[in-house]
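Input: a single structure, listed below in structure tokens.
The values are calculated or read from the model by the stated rules, or taken from the named source; none is laboratory data. The structure presented is a predicted model; accordingly, all values stated were derived computationally and were not measured. Reconstructed Cβ throughout: ideal geometry from the backbone, glycine too, with neighbour counts over all protein chains shown.
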């Protein structure tokens, strides 16, 4: 007998949907598991291959503040998938958050962010840019109270931050490490 979700018991519906899933295991046992669902997401690491820098967003994140009393988290532009084209949504997020127009985006895969509790899958992208592509103001959407500070950081510095634990946003860490593997010359 395969696993089977017998029912979802809703707990909260808002930006996210929270429920208890009652699951029947292959052995016939019923177990209860929490499920959080807010849809799929995108994340993109914009990098300038000539100047060997990356553009990142620094912003307040309530869970990070709650758990670690930190006012800001350094991360790549990211957001919820709004349409059917993850690459287009990655471009939109980059423009809204850091004011850069990305023409070329390279998909590196889609990953589960927290498979033990969340249905979120993040579409990950790398994207080259040049200074002339920084045409927008960035800073995020006022209606979403994002208050983003745009940071342009040398790739070598980001690599050092990843190596010593200071780059602690998972999606940004994964994208940076992928860039290091695919284009090591940018970090030499």
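Taken across the stretch 74-93, residues that are exposed (fewer than 13 other Cβ atoms within 10 Å of the Cβ), assigned to a loop (DSSP other than H, G, I, E, B) and free of Cβ contacts under 8 Å to residues at least 12 places away in the same chain do occur, with at least one present. Within the stretch 126-144, the only residue that satisfies the criterion of being surrounded by 16 or more Cβ atoms within 10 Å (Cβ to Cβ) and farther than 17 Å from residue 57 by Cβ is 128.
Considering 66, 123, 38, 147, the condition of being touching a residue at least 12 places away in the same chain (Cβ under 8 Å) and loosely packed, with under 14 Cβ neighbours inside 10 Å is satisfied by 147 alone.
Taken over the stretch 157-172, the criterion of being out of contact with any helix residue (DSSP H, G or I) (no Cβ under 6 Å at 6 or more places or on another chain) and part of a helix (DSSP H, G or I) is satisfied by 157, 160, 161, 163, 164, 170, 171, 172. Within the stretch 113-126, restricting attention to residues that are in a strand (DSSP E or B) and out of contact with any helix residue (DSSP H, G or I) (no Cβ under 7 Å at 6 or more places or on another chain), the residue that is farthest from residue 8 (Cα to Cα) is 121. When each of 90, 94, 78 is tested for being closer than 24 Å to residue 154 by Cβ, modelled with pLDDT of 95 or more and touching a helix residue (DSSP H, G or I) at 6+ places or on another chain (Cβ under 7 Å), the lone residue that passes is 78.
Please specify each residue of the stretch 145-156 satisfying the condition of being touching a helix residue (DSSP H, G or I) at 6+ places or on another chain (Cβ under 8 Å) and part of a loop (DSSP other than H, G, I, E, B). Matches in the stretch 145-156: 146, 148.
For residue 110, the conditions (1) surrounded by fewer than 19 Cβ atoms within 10 Å (Cβ to Cβ); (2) not in a strand (DSSP E or B) are fulfilled apart from (2). On the stretch given as the stretch 51-63, residues that are farther than 21 Å from residue 111 by Cβ and without any contact (Cβ under 8 Å) to a residue 40 or more places away in the chain total 1.
Across the stretch 36-50, the number of residues qualifying as outside any strand (DSSP E or B) and either modelled with pLDDT under 95 or closer than 25 Å to residue 110 by Cα (or both) comes to 4.
Name the single residue that is modelled with the highest pLDDT among those in the stretch 1-35 being surrounded by 12 or more Cβ atoms within 10 Å (Cβ to Cβ) and in a loop (DSSP other than H, G, I, E, B). Among residues in the stretch 1-35 that are surrounded by 12 or more Cβ atoms within 10 Å (Cβ to Cβ) and in a loop (DSSP other than H, G, I, E, B), the one modelled with the highest pLDDT is 25. Filtered by the rule that a residue be in contact (Cβ under 8 Å) with a residue 40 or more places away in the chain, surrounded by fewer than 18 Cβ atoms within 10 Å (Cβ to Cβ) and over 19 Å from residue 79 (Cβ atoms), the stretch 169-188 gives 178, 182, 183, 187.
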